[in-house]
Amino acid sequence: MTTAKRGKLIAFEGIDGSGKSTQWARLGEWLKAQGRDVVLSFEPTKRPHGQWLRDAWASGIRLPVDEEKALFDADRREHIDEVIQPSLDRGQIVLLDRYYYSSAVYQGTRKGETPEAVLRHYEAFCPRPDVVLLFDLPVELALKRMQSSRSNLDAMEVSDNLETVRNAYLNLNRPEIVVVDASGSPDEVWDGVLRHAREW
Ligand code: TYD
């Protein structure tokens, strides 16, 4: 989308278990402590379409790809209209825990889809992030983290799926994407985040 925006849009991406949500919250606190006007938001949202998706996975159901895509699309359009674009127009810094790059790698790796086609679809109408922090780590490590923090894994978090998703993320060819090593401790990963944040 080409509307003039005044704020900054930063997306956090990575496979399940990458620890991106912890870093997203931490960067939000850090920026607020610097007196910045920050909005933290995430996808899928808690609106009806997003909640529908979450409920399906939690009960072990992987919806047909067309249905999954349609629900993410609807959820994202509402999110942009109600939160992302208005915040950018107000000059705020918007930190997103997942954005359309997630659709590119989770839905775009399903049968009959490609990550590039999904990216192009969203680039036609979504505000483009200034920076996308991609938290990368080996799938094995991500699974270990998830197993130690939760009792069971949902339908999106099985390992062969995550391997495909990780590779798809690393192959996304967009200049706004910055890869952050997410295999260290939360403090080590945070150092990597801060290094980038200071550059902006
Ligand atoms: P996640 O960030 O893990 O949410 P939570 O921490 O609340 O569990 O995201 C939930 C799942 O949504 C994750 O497995 C990836 C998936 N997802 C997609 O498949 N496509 C998308 O476009 C988005 C935003 C998320």
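The values are calculated or read from the model by the stated rules, or taken from the named source; none is laboratory data. Everything numeric here is computed off the predicted structure, so don't read it as measured data. Every residue, glycine among them, receives a Cβ derived from its backbone with ideal geometry; neighbour counts consider all protein chains shown.
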Some residue of the stretch 113-136 being under 17 Å from P44 (Cα atoms) and acidic (D, E): no
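Conditions (1) part of a strand (DSSP E or B); (2) under 16 Å from the mean Cα position of the chain (by Cα), marked per residue:
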residue: D16; (1), (2): no, yes
residue: T22; (1), (2): no, yes
residue: W30; (1), (2): no, no
residue: S41; (1), (2): yes, yes
residue: L53; (1), (2): no, yes
The stretch 1-50 - residue that is among the polar types (S, T, N, Q) and either over 18 Å from F125 (Cβ atoms) or modelled with pLDDT of 95 or more (or both) and, of those, nearest to the ligand (Cβ to nearest atom): S21
Residue match in the stretch 145-160 (condition: under 18 Å from the mean Cα position of the chain (by Cα), away from the ligand (no atom under 13 Å from the Cβ) and not aromatic (F, W, Y)): no
Complete set of residues in the stretch 158-189 that are surrounded by 18 or more Cβ atoms within 10 Å (Cβ to Cβ) and polar (S, T, N, Q): N161
Neighbours by Cβ (under 9 Å, 6+ apart or cross-chain): first from the stretch 181-193, farther than 16 Å from I15 by Cβ; second among the aliphatic types (A, V, I, L, M) and part of a helix (DSSP H, G or I): W190/L27; V193/L27
Residue check for V139: of a type outside the set (D, E, K, R), surrounded by 13 or more Cβ atoms within 10 Å (Cβ to Cβ), over 18 Å from L9 (Cα atoms) and more than 9 Å from the ligand (Cβ to nearest atom): yes
Residue match in the stretch 102-114 (condition: modelled with pLDDT of 95 or more and aliphatic (A, V, I, L, M)): yes
For G60: the one exception among (1) of a type outside the set (V, I, T); (2) surrounded by fewer than 15 Cβ atoms within 10 Å (Cβ to Cβ); (3) assigned to a helix (DSSP H, G or I): (3)
Residues of the stretch 90-114 that turn out to be more than 9 Å from the ligand (Cβ to nearest atom) and of a type in the set (D, E, K, R), as a count: 4
Candidates L53, L63, L71, filtered to the one that is within 13 Å of the ligand (Cβ to nearest atom), of a type outside the set (D, E) and touching an Asp or Glu at 6+ places or on another chain (Cβ under 9 Å): L53
